[in-house]
Amino acid sequence: MGNFGGVWILAEQRNGKIRGVSYELLSWGRDIADKLQAPLVAVVLGSGLKKDAESFIFRGADEVIAVDEPPLAFDAPDAHSAVLEFLVRKHKPEVFIALATTYSRTVMPMLAVKLETGLTADCTSLDVEGGTRLLIQTRPAIGGNVMATIKTPFTKPQMATVRPGARKPPKEDKTRIGKIVFEKVPESLLKSSVKLVGFVKDETSEIPLQEADVVVAGGKGMKNAKSFEMLFEIAELLNGAVGASRQAVDMGWISYAHQIGLSGKTVNPKLYIAAGISGAVQHIAGMSSSRYIVAINKDPDANIFKVADFGITGDLFEILPLLIKALKEEGKKNERI
């Protein structure tokens, strides 16, 4: 096992900017670091990091390890996993946590194989076992019907990914002081066999789903793709984003980028409107931490009402047009004011 110590979180950069969801990891990491009485370290790879490195200290990290190299601006998984392997073998963290994003879901398994250690994906809870310092990793299994508890007792670092949107980022405190280290790695590690051909942005939503304060989601009850136009209109009026259940995506009514649940995204908005969603366990796992949940369903026994703060039993094809009308009228009043 060797002499391992410290809790690491893997931050993410995109288009030269730190992804906001990266700061959520500091909430997860701070809890574990405090229980282990260990330093919390934010690790970030990319290009042009100097301006953002201190932001992790302000939000709870004790140290930042950054590798600032132009070749790392592109998320090439082979280069990124090679650099991370170099850093882990050099510094020997006890725990390494990342987000369950496309990037980390690719890089972390590659890293785990290189290090010959375990990796638990899509955790909903992390804790420390008293007396052993083992990371208790909890995640849904068997389609979300059971919760599995997993430990990595024989190898380190203990590695896990957690779903974005499950925690709030710590508040910024510019009085905090920490250590920032810009590491130099062998140039050979920066070479990648992956070539970036192009990048196609999802144009169906102005606001990224996991960063929206308002999410308007539709399920099988929407009946067809055209009905989702009402949800996009409501989302635009509320400056929000559109989500969907797995059934709606499987029907081809909306793209996978909008899917919420165990097999999609986890969201944590201030307001979540569920229209025509029955409330399967898999879907609820991806949105139940929303501050306020409004459910619209014609079935009074729908499971979604069990987690809703406000429930409307009725035909969504009558209710949604009324909601659109009310929002437009409210908008006109605000314009006059």
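What follows draws every value from the coordinates through simple rules; no lab data is involved. In this text, all values refer to a predicted model and were calculated from it rather than measured experimentally. A quick note on method: Cβ atoms are made from the backbone with ideal geometry, for glycine too, and the neighbour counts reach across all protein chains shown.
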Exercise. Please turn the phi angles of the range 35-49 into ³J(HN,Hα) values with the Karplus equation 6.51 cos²θ - 1.76 cosθ + 1.60 (θ = phi - 60°), one per residue in order, whole Hz, x for glycine and proline.
Key: 5, 8, 6, 10, x, 9, 10, 9, 10, 9, 10, x, 9, x, 8
Practice problem: Pull up the cross-link candidates among the aspartates and glutamates for Lys332, meaning alpha carbon to alpha carbon under 20 Å and not fewer than 8 places away within one chain. | Solution: Glu233, Glu236
Practice problem: Mind scanning Lys92/Lys195; Lys35/Lys265; Lys201/Lys265; Lys114/Lys179; Lys17/Lys270 and naming the pairs with a C-alpha gap bigger than 21 Å? | Solution: Lys92/Lys195; Lys35/Lys265; Lys114/Lys179; Lys17/Lys270
Quiz item: Once the Cα atoms of helix 77-91 and of the chain are each reduced to a long axis, what angle between those two axes, in degrees from 0 to 90 to the nearest 10, is obtained?
Solution: 50 degrees
Quiz item: How many times 2.2 N^0.38 Å is the alpha carbon radius of gyration of the range 7-190?
Solution: 0.97
Quiz item: Exposure proxy check: Asp62, Asp173 ranked by fewest other beta carbons within 10 Å?
Solution: Asp173, Asp62
Self-check item: Cα coordinate range in the range 31-98, projected on the principal axes (Å, largest first)
Solution: 36, 26, 18
Quiz item: To the nearest 0.05, how large is the calculated FRET efficiency for Lys51 and Lys195 if R₀ is 25 Å and r is the Cβ-Cβ distance?
Solution: 0.35
Quiz item: Given R₀ = 41 Å, FRET efficiency for Lys325-Lys184 by Cβ-Cβ distance, to 0.05?
Solution: 0.10
Self-check item: Pairwise label distance in nanometres, Thr124 with Asp213, each label 7 Å out on the Cα-Cβ vector
Solution: 2.8 nm
Exercise. Quick one: among Leu189, Leu231, Leu111, which has the greatest mean-square fluctuation in a GNM of the chain with alpha-carbon springs under 10 angstrom?
Key: Leu189
Quiz item: If you place +1 on the Cβ of every Lys and Arg, -1 on the Cβ of every Asp and Glu, and leave all else neutral, what size is the dipole of the range 158-220 about its Cα centre, to the nearest 20 Debye?
Solution: 320 debye
Quiz prompt | Top of Leu119, Leu237, Leu72 by mean-square fluctuation, Gaussian network on the chain, Cα under 10 Å | solution = Leu237
Practice problem: In nm, give the distance between the simple-model label positions of Arg89 and Asp250, each being 7 Å from the Cα along the Cα-to-Cβ direction. | Solution: 4.4 nm
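Please get the size of the charge dipole for the chain, origin at its Cα centre, with Cβ charges of +1 on Lys and Arg and -1 on Asp and Glu, quoted in debye to the nearest 20.
The calculation lands at about 340 debye.
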Practice problem: Mind telling me which of Val200, Val249, Val88 comes out most flexible in a GNM of the chain, alpha-carbon contacts under 10 Å? | Solution: Val200
Quiz prompt | Distant alpha-carbon pairs in the range 70-144 (separation over 20 angstrom), percent | solution = 39 percent
Practice problem: Take the Cα gyration tensor of the chain, multiply each eigenvalue by 5, square-root it, and list the three semi-axes largest first, rounded to whole angstrom. | Solution: 39, 22, 19
Self-check item: Ellipticity estimate at 222 nm from DSSP helix runs (n ≥ 4, -39,500 (n - 2.57)) divided over the chain, nearest 500
Solution: -8000 deg cm²/dmol
Quiz item: Based on Cβ point charges of +1 for Lys and Arg and -1 for Asp and Glu, what charge dipole magnitude is obtained for the range 27-144 about its Cα centre, in debye rounded to the nearest 20?
Solution: 80 debye
Practice problem: Please turn the phi angles of the range 125-130 into ³J(HN,Hα) values with the Karplus equation 6.51 cos²θ - 1.76 cosθ + 1.60 (θ = phi - 60°), one per residue in order, whole Hz, x for glycine and proline. | Solution: 8, 10, 8, 10, 6, x
Exercise. Take peptides 124-131, 239-246, 268-275, 30-37 and line them up by average Cβ neighbours within 10 Å, highest first, as a rough protection proxy.
Key: 239-246, 268-275, 30-37, 124-131
Quiz item: Could you give P(r) for the range 142-250, binned at 5 Å from zero, as whole percent values over all Cα-Cα pairs?
Solution: 2, 7, 9, 11, 12, 14, 14, 14, 9, 5, 2, 0
Quiz item: What does the highest-first list of 294-302, 74-82, 209-217 look like by mean Cβ count within 10 Å?
Solution: 209-217, 74-82, 294-302
